[in-house]
1. For segment 256-293, name all the residues that are more than 11 Å from residue 237 (Cα to Cα), surrounded by 15 or more Cβ atoms within 10 Å (Cβ to Cβ), more than 6 Å from the ligand (Cβ to nearest atom) and within 8 Å of the chain's Cα centre (by Cα).
2. Take residue 302 and decide whether it is near the ligand (Cβ under 6 Å from one of its atoms), of a type in the set (A, V, I, L, M), surrounded by 17 or more Cβ atoms within 10 Å (Cβ to Cβ) and within 20 Å of residue 512 (Cβ to Cβ).
3. With the requirement that a residue be part of a loop (DSSP other than H, G, I, E, B) and free of Cβ contacts under 8 Å to residues at least 24 places away in the same chain, what does segment 522-539 give you?
4. Just checking, does segment 506-520 include any residue being within 19 Å of residue 262 (Cβ to Cβ), in contact with a strand residue (DSSP E or B) (Cβ under 6 Å, 6 or more places away or on another chain), crowded, with 24+ Cβ neighbours inside 10 Å and among the acidic types (Asp, Glu)?
5. Give me the helices (runs of 4 or more DSSP H) completely within segment 32-140, filtered to those with at least 3 residues that are under 28 Å from residue 371 (Cα atoms), ordered by residue number.
6. Which residues, taken from segment 491-507, are touching a residue at least 40 places away in the same chain (Cβ under 8 Å) and closer than 15 Å to residue 233 by Cα?
7. Name the strands (runs of 3 or more DSSP E) wholly inside segment 150-258 in which the number of residues that are in contact with a strand residue (DSSP E or B) (Cβ under 8 Å, 6 or more places away or on another chain) and in contact (Cβ under 8 Å) with a residue 40 or more places away in the chain is 2 or more.
8. Spot the failing condition for residue 313; the list is (1) out of contact with any strand residue (DSSP E or B) (no Cβ under 7 Å at 6 or more places or on another chain); (2) within 12 Å of the ligand (Cβ to nearest atom), and only one is missed.
Amino acid sequence: MAQPVLMAVDNDRDILTTMQRDLSRRFAADYRIVTADTPDAALADLDADDHVAVVIAGQWLTDTTGVDFLSACHQLYPDAKRLLLVSHGDYVAGTAAVRAIALGQLDQALNKPWGDPELELYPAVSELLSQQRRNAVVAGTRPEVVRIVGPQWSARSHQLRDLLTRNSVLHGFYDVATPEGRQLLERAGVAPGDHPVVLLFDGRVLVDPQNELLAEALGVQTKPASSRYDLAVVGGGPAGLTAAMYAASEGLTTALLEREAVGGQAGTTSLIRNYLGFPRGISGRELASRAVEQALVMGAELVFVRSVVGLETRGEDRLLILADGNQACSRTVVIATGVTYRRLNVPGVDELLGAGVFYGAAVTEATALEGKRAFVVGGANSAGQAAIHLARFVSHVTLLVRGPALSGRMSAYLINELERASNISVWLNTTVTRVQGRGRLEAIQVRDSTGQERTEPADGLFVLIGADPHSDWLADSVERDSQGFLLTDSDLAHWPTDRPPLPQETSTPGVFAAGDIRHGSVKRVASAVGEGASAIQQVHRYLAAS
Ligand SMILES: Cc1cc2nc3c(=O)[nH]c(=O)nc-3n(C[C@H](O)[C@H](O)[C@H](O)COP(=O)(O)OP(=O)(O)OC[C@H]3O[C@@H](n4cnc5c(N)ncnc54)[C@H](O)[C@@H]3O)c2cc1C
């Protein structure tokens, strides 16, 4: 197979010569290095079946800019990572880089010249290559610990692949209708059928296994090992993982129960750009797997694929009822079960996620849209607040509301503010039907109350159409708000003891809430992490007093 390509384009000959020399020294054994002074010359040097891993471009190219060239490269080589070179002190190029990164048009920026390549160039290119390779793991191009053979379009085949992907288990999928798939089944001695078959690295064969069985076969802990814990954490997203890590590191016997995959909502995010300490962003899966390692090192017990379906109080203890009928007993509980954000299910959205389309208010992206045109989808307070925030930066914001009026779900003060703003429009009875763009958002298609569709140019689309909290299992045991978020401390209407509730404490003493599931929480990775950590402070206070 041909070597993958590292491609660099810059109209400064000295930079190109140094780039060719530095990249060759470190990467020539595994990659073909292509350098050229114009995009056309670089592209002419590639064969049709070349696999481009990283594209590097200076911002000021002949006839185009680096940002535009890198955006266009995304069409040609969707898997390639993109790095922009910016001259020291070039404020205009630096600003363009920051905006383009925020809009997902490129991945990183690097100052040129870079001096010692060990300090800046190699770490930047290596990081991009490893991100690129990690995606290749998902595509099954690396050694496979698990092979799934099943019908291509079976829902169960998809669920198993999703479970393994989200838990970072190296695996490959083989359609049972292909000769390769049939051959694997024949070797395993299984007749082809409608169910997916799981082939493990050590020769074991599982036919359509339950998630628990598959996890156990992979050596994952699926049952609580102790009869009583100081703390049980429900949910393995950023809030739960942080709570478990801090609790264990501070000497509490701790179990974390997660029903699907660690990382929660954050684990499904390809790049978290606004988490402190990661200026180039970090993938949700990477952050989750680092957090799991840290929690385990600190001594937390992680129990996987266990749904918690009930909470009971027995004297001083809290009992968590698991879906399989087992129980986990603990002196305290932190609930960090998060929410499911409602998705906009229209063509084009998934492809442009992070490249102009965002779930949530995405405050960081607002500045990148300065002078541009943004749309906000949603009719509740969060959508109104996002529109007002965006209006400070963009030339025009349009709020797209499915219903006939704003008054039902939005506070009066926000409606007044929207009406006063000269650069905000509200379109009622309007839905988004399609999202368009090549590499970045360019337009949206909307349908109005008459059923007519039209296309509107758009630079940013912010989707705030609500979230469903994972709290049904607590309906009888913990006080919730009208949407199902858990009420804590000063928001509680009922509190059963003489002492005041501790911060983050729910209506059941000793049971705390952290992260997205908590009423009034800020829906961000950093705030979930913060709440997970601060919940442990309250757990200590509770245990010390009891
Ligand atoms: C598409 C998308 C992009 C985002 N991008 C960003 C971003 O760039 N930056 C940012 O700061 N934030 C971002 N967010 C928001 C961020 O992901 C959340 O705020 C954060 O994950 C909340 O963490 P959490 O631990 O409270 O909940 P979650 O991450 O939702 O984790 C909850 C966990 O609890 C588990 N669970 C639920 N119920 C049960 C049960 N009964 N038993 C056992 N386990 C259970 C779930 O399986 C899940 O793993 C994004 C969200 C989405 C959807």
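1. Those that are more than 11 Å from residue 237 (Cα to Cα), surrounded by 15 or more Cβ atoms within 10 Å (Cβ to Cβ), more than 6 Å from the ligand (Cβ to nearest atom) and within 8 Å of the chain's Cα centre (by Cα): 271, 283.
2. Spelling it out, it is not the case that residue 302 is near the ligand (Cβ under 6 Å from one of its atoms), of a type in the set (A, V, I, L, M), surrounded by 17 or more Cβ atoms within 10 Å (Cβ to Cβ) and within 20 Å of residue 512 (Cβ to Cβ).
3. Residue satisfying the conditions is 522 alone.
4. Checking segment 506-520: at least one residue is within 19 Å of residue 262 (Cβ to Cβ), in contact with a strand residue (DSSP E or B) (Cβ under 6 Å, 6 or more places away or on another chain), crowded, with 24+ Cβ neighbours inside 10 Å and among the acidic types (Asp, Glu).
5. Values: elements: 39-44, 66-76, 91-102, 121-138.
Passing ranges, in order: 66-76, 91-102.
6. So in segment 491-507, the residues touching a residue at least 40 places away in the same chain (Cβ under 8 Å) come out as 499, 502, 506.
Result: 506, single match.
7. 197-200, 229-234, 254-257
8. Of the numbered conditions (1) out of contact with any strand residue (DSSP E or B) (no Cβ under 7 Å at 6 or more places or on another chain); (2) within 12 Å of the ligand (Cβ to nearest atom), the odd one out for residue 313 is (2).
The values are calculated or read from the model by the stated rules, or taken from the named source; none is laboratory data. Values in this document were obtained by computation on a predicted structure and should not be read as measured data. As a convention, Cβ positions derive from the backbone with ideal geometry for all residues, glycine included, and neighbour counts pool all protein chains shown.
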